[in-house]
Structures are given as C-alpha cells and as structure tokens.
Amino acid sequence: MMAHFSPSSFVAGVMLGLLIAGAWFIGGTPIPKSDFGSSYRSQTSVPTEPPESGAISVNDQPAGSEVTVESVTVPPPGVWIAVRELNGENLGNVLGAARVGGPRSTISIPLLRATEPDRTYAAELYRDDNNGEFAPSLNSVYVDFDTGASVVAYFKTIE
C-alpha cells in the first residue's frame, strides 16, 4: 500500500506518460495518402446492379376492381403490398392489400373500392407487424436501406 502520496512523483508520472505517448504518436507508421484515397473511393462507389431487396414494379393498367403488380423482390418472411390513392402529391387511403412471402411476380390485389380512369395510384410495401393482419396504422412501412425512403411504385390507370 501507499503510505505517502508525493505531488512530485505524480507530476513525474504524468510527464513520463506524456513522453511515452508522444513517442508512440511520432514514431507510428503514417497511412500513405494514395492508399487512403483509393480505399475511400471504393467504399463510396455506386454499385453496378441495383439492390434486389424491396424492389416493386407496377405498370400502368386499366381502371378496375383489382391492381396487378408485375413483381416484388423481397426476402422472406415477405411484405404487404398496399394500393393507395393519391391526394395531390401525398399518399391517401389504402384501397386494398395483399401479402407476399418473398419474391413473386404477377400479383393480383383485390380492391375495396375500384380505381378510376386517368388517375395516379401507388403501390407501397409494408412489413407484417400485426401477425398476418394488414393494418396500415400498425404495420411499419418497408424502407430501402440504401436510401432510407419507403418503397413505393407509382402507376396510372387508363380507360
């Protein structure tokens, strides 16, 4: 045990520590500038192929009581696809929804109210947070991890 604390021994210890830390920083191997720049560029480069997770594709289609989604590429356990009307530029009421368990193509979504000709609608992806029951207020929006934006595809109806 320490019987007596000396301020001079404390100061000497701090100075020795600073000397060792300074020698370590000064004597360290610097990172070559060219290596740092090339590794930085490779980390921020844009991928040549788009990410497959969360993709949705919907074509323009005739107005009616169902909407056909061309394809959805999501990993299991899948998502809900909700068809929404637009109020100006904002997403409006959900007209219908269907659950998919993973990647699929040609998905028919029955609607509670038919779409109208010459209008724009949206197909938006939601996670299943409610044990298999779709509830837009309880299910969270499926988010693209690269952009942080919700996954939405817009389409128009024709006559």
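The values are calculated or read from the model by the stated rules, or taken from the named source; none is laboratory data. Note that the coordinates shown come from a computational prediction; the quantities given were computed from them, not determined experimentally. Neighbour counts run over all protein chains shown; Cβ positions are idealised from the backbone, glycine included.
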| task | Assess whether LEU91 counts as being modelled with pLDDT under 95, of a type in the set (A, V, I, L, M, F, W, C) and surrounded by fewer than 17 Cβ atoms within 10 Å (Cβ to Cβ). | result | no
| message | Quick test for you: out of ARG84, ARG113, pick the one residue that is in a loop (DSSP other than H, G, I, E, B) and modelled with pLDDT of 95 or more. | response | ARG113
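With the condition kept exactly as written, say whether any residue in region 31-47 is over 23 Å from the mean Cα position of the chain (by Cα), of a type in the set (Val, Ile, Thr) and modelled with pLDDT under 85.
yes
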| request: Please list, ordered by first then second residue, the pairs with beta carbon atoms under 8 Å, 6 or more apart or interchain, first in region 144-159 and farther than 15 Å from THR73 by Cα, second in a loop (DSSP other than H, G, I, E, B) and among the polar types (S, T, N, Q). | output: PHE155/ASN59; THR157/THR115
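Based on what the data block shows, is PRO77 in contact (Cβ under 8 Å) with a residue 24 or more places away in the chain, within 17 Å of GLN61 (Cα to Cα) and in a loop (DSSP other than H, G, I, E, B)?
No.
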| request: Mind listing whichever residues of region 138-159 are among the polar types (S, T, N, Q) and either surrounded by 15 or more Cβ atoms within 10 Å (Cβ to Cβ) or at pLDDT 85 or above (or both)? | output: ASN139, SER140, SER150, THR157
| task | State the number of residues belonging to region 88-122 that are within 20 Å of ALA135 (Cα to Cα) and without any contact (Cβ under 8 Å) to a residue 40 or more places away in the chain. | result | 15
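One line per residue, one yes/no per condition, for (1) under 22 Å from GLY64 (Cα atoms); (2) aliphatic (A, V, I, L, M); (3) out of contact with any His (no Cβ under 9 Å at 6 or more places or on another chain); (4) in the same structural domain as VAL67 (by TED's automatic domain parsing):
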site	(1), (2), (3), (4)
ASN87	yes, no, yes, yes
ALA98	yes, yes, yes, yes
ILE109	yes, yes, yes, yes
GLU116	yes, no, yes, yes
ALA123	yes, yes, yes, yes
TYR126	no, no, yes, yes
ASN131	no, no, yes, yes
SER137	no, no, yes, yes
VAL151	no, yes, yes, yes
